[in-house]
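Trainee: Before we start, here is the structure in question, set down as structure tokens.
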């Protein structure tokens, strides 16, 4: 009888297998098929009945494999549809808060820019620290070296003091660098907080001589406001950790002005130039 299977239940009834998962069913069928394999009889089937059962088992296994394949395709399709839906939701959310997204991007860019300035001295001092550590760990090797022994004398107090100060400076530099990088990250990311944005906006409004301004004047205020509050002279050669460039200041100003417009703290109107003019609705609110 040439059996064509059309369901899992049909396979289970045909071979007398009880309830189980699809993988367990396939495994049991494979074991049964092995018992009828021609290799157990020198490469040929024992009889026609075993040959028929072997091929029936093969068809059953193939049917299960086809179901599993289709199930995987359906799963992949479902995941793809879900991914598309999530992507669409994220895109919609990003579009609604494009200015906040731009601000986050500019903050990350500014932080990475500051970190890159310290990369070269950090690499150089790391190499020096490693070299010093190796020298102090293996003094006998240095003493026996024909070249190093001419420049490094462990019996000399001045040499030991010099190496100690170099190692000390390297460690101090690493500690201060780590601290300044952490401060940079905290200060730049604080621009996303509402409290910092409120202080910048309030200070700017109170500094105005009249109730109208442009975004350019607000950007300049943010930049110069941070310059006035820098208090890090020790590492001036690497720039201030609180420095805000024009791109970051502009992104910050846009987010703040958008919030101010929504809360009706300011209004916008055509100033007759390419820049939008803003009008403070009530100066007394910021005094």
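The values are calculated or read from the model by the stated rules, or taken from the named source; none is laboratory data. These numbers were taken from a predicted model, which means no experiment stands behind them. As a convention, Cβ positions derive from the backbone with ideal geometry for all residues, glycine included, and neighbour counts pool all protein chains shown.
Trainee: If you scan the stretch 1-45, which residues turn out to be under 14 Å from residue 62 (Cα atoms) and part of a loop (DSSP other than H, G, I, E, B)?
Mentor: 3, 4, 5, 6, 7
Trainee: If residue 164 satisfies every condition in (1) modelled with pLDDT of 70 or more; (2) surrounded by fewer than 12 Cβ atoms within 10 Å (Cβ to Cβ); (3) farther than 30 Å from residue 253 by Cα but one, which is the exception?
Mentor: (2)
Trainee: Going by the conditions given, is residue 67 farther than 29 Å from residue 256 by Cβ, modelled with pLDDT of 70 or more and surrounded by 11 or more Cβ atoms within 10 Å (Cβ to Cβ)?
Mentor: yes
Trainee: A further question on this structure: Scan the stretch 255-273 and tell me whether some residue there is surrounded by 12 or more Cβ atoms within 10 Å (Cβ to Cβ), at pLDDT 90 or above and in a strand (DSSP E or B).
Mentor: Looking for residues that are surrounded by 12 or more Cβ atoms within 10 Å (Cβ to Cβ), at pLDDT 90 or above and in a strand (DSSP E or B), one finds at least one in the stretch 255-273, hence yes.
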